[in-house]
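Chemist: Below are the structure tokens for one structure; questions will follow.
Please treat every number below as a calculation from the coordinates, not as lab data. Please read these numbers as outputs of a predicted model, since none were measured by experiment. Here the Cβ is made from the backbone with ideal geometry for all residues, glycine too, and neighbour counts use every protein chain on show.
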Amino acid sequence: MELLGIHHTAIICSNYEKSKHFYNEILKLPIIHEQYRAERDSYKLDLALPDGSQIELFSFPGAPPRPSYPEAQGLRHLAFKVADIAKSKHYLEQQGISVEEIRVDEITGKQFTFFADPDDLPLELYQL
């Protein structure tokens, strides 16, 4: 397995409008896609960084502050770009690391999966 870079960092915020203003207006990160997900009463805002990486900004009503689980304010996960997600998943499993089933991103059509670091912080593999 060869990690090729960071694809995106996901952040769960406590105040969507305030955070959207900060990342888009103050930090000047262009909006790629904004989506309100009614079934979750949640927003998802994709923002671009100059190197091609992204920030995914999420809102979840009543989300408690947390360092890891359950989903809450702060860092959600770190995603790594990979060329072959199946090969990378297999490699991690061979190292004794539990990896979730590969899924498909409904917006991009790309494959992704999650695993955890030794502190149980969520990490993602995202196929190029």
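Chemist: Using the count of nearby Cβ atoms within 10 Å as a rough guide to exposure, how do Arg40, Arg76 rank from fewest to most?
Modeler: Arg40, Arg76
Chemist: Can you list the lysines whose alpha carbon sits under 22 Å from that of Lys18, skipping same-chain ones fewer than 8 residues off?
Modeler: Straight-line reach from Lys18, under 22 Å: Lys28, Lys44.
Chemist: Let me check against my output: what whole-number percent is the relative contact order of the chain, with C-alpha pairs under 8 Å and at least 6 apart?
Modeler: 26
Chemist: Using just the helices of the chain, give the 222 nm mean residue ellipticity in deg cm²/dmol: DSSP H runs with n ≥ 4 each add -39,500 (n - 2.57), and the total is spread over all residues, rounded to 500.
Modeler: -3000 deg cm²/dmol
Chemist: Could you tell me how many cubic angstrom of Cα convex hull volume segment 1-79 has per residue?
Modeler: Values: hull volume 8.6 nm³, N = 79.
Expressed per residue, the convex hull around the Cα atoms of segment 1-79 is 109 Å³.
Chemist: In segment 98-128, whose amide N lies under 15 Å from the spot 7 Å out along Cα-to-Cβ of Ala86? List them in ranges.
Modeler: 101-104, 111-113, 127-128
Chemist: Straight-line reach from Lys87: which aspartates and glutamates have a Cα under 20 Å away, not including same-chain ones fewer than 8 places off?
Modeler: Glu2, Glu100, Glu101, Asp105, Asp117, Glu124
Chemist: At R0 = 30 Å, how high is the FRET efficiency between Thr108 and Phe22 if r is their beta carbon distance? Nearest 0.05 is fine.
Modeler: Values: r = 25 Å, r/R0 = 0.83.
For Thr108 and Phe22, the calculated efficiency is 0.75.
Chemist: Working from Cα positions, state the angle (0 to 90°, nearest 10) between the long axis of helix 85-94 and the longest principal axis of the chain.
Modeler: 60
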